[in-house]
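J.: If you scroll down you'll find the structure; I have some questions about it.
The values are calculated or read from the model by the stated rules, or taken from the named source; none is laboratory data. These numbers come from a predicted model, not from an experiment. Backbone-built Cβ (ideal geometry, glycine too); neighbour counts: all protein chains shown.
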Amino acid sequence: MNPFNSLDKILIIMGLVLIVTGIIFVLGAKIPHLGRLPGDIYIQRKGFSFYFPITTAILISIFLSFIFWIFNRLK
């Protein structure tokens with residue numbers, strides 16, 4: 001067994017993840033309601049604002065978990 005076979009697959013998967021992440025950053029503003037979902041926390045005070053997109057983070061986590069599950073099943 002070649003020890004580089006697993007490294008090759010890991011690098012390819014990491015590259016695909018980086019490409020998808022880049023596409024999400026470029027097209028993220030065009031996806032409706034992403035970052036403004038119910039459950040996202042936004043606090044605005046005089047001279048201070050705090051934003052924590054908890055619902056958006058959970059949805060992205062579920063999506064990425066599904067993608068990694070698919071890649072794992074293809075092994």
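J.: What number of residues within the range 45-59 are in contact with a Pro (Cβ under 9 Å, 6 or more places away or on another chain) and within 30 Å of L7 (Cβ to Cβ)?
T.: Of the residues in that region, 0 qualify.
J.: Is it the case that G35 is of a type outside the set (A, V, I, L, M), in contact with a Pro (Cβ under 7 Å, 6 or more places away or on another chain) and at pLDDT below 90?
T.: yes
J.: Looking at the range 1-54, which of its residues are assigned to a helix (DSSP H, G or I) and farther than 28 Å from N72 by Cα?
T.: Hits for the range 1-54 are A29, K30.
J.: Of the numbered conditions (1) exposed (fewer than 10 other Cβ atoms within 10 Å of the Cβ); (2) more than 11 Å from the chain's Cα centre (by Cα); (3) at pLDDT below 90, G47 fails exactly one; give the number of that condition.
T.: Result: G47 fails condition (3) only.
J.: Looking only at the range 55-75, which residues are more than 9 Å from the chain's Cα centre (by Cα), hydrophobic (A, V, I, L, M, F, W, C) and at pLDDT below 85?
T.: Scanning the range 55-75 gives I67, F68, I70, F71, L74.
J.: Among the numbered criteria (1) of a type outside the set (A, V, I, L, M, F, W, C); (2) surrounded by fewer than 10 Cβ atoms within 10 Å (Cβ to Cβ); (3) at pLDDT 85 or above, which one does Y42 miss?
T.: Of the numbered conditions (1) of a type outside the set (A, V, I, L, M, F, W, C); (2) surrounded by fewer than 10 Cβ atoms within 10 Å (Cβ to Cβ); (3) at pLDDT 85 or above, the odd one out for Y42 is (2).
J.: Restricting to the range 19-39, count the residues that are surrounded by 10 or more Cβ atoms within 10 Å (Cβ to Cβ) and either touching a strand residue (DSSP E or B) at 6+ places or on another chain (Cβ under 9 Å) or among the aromatic types (F, W, Y) (or both).
T.: 2
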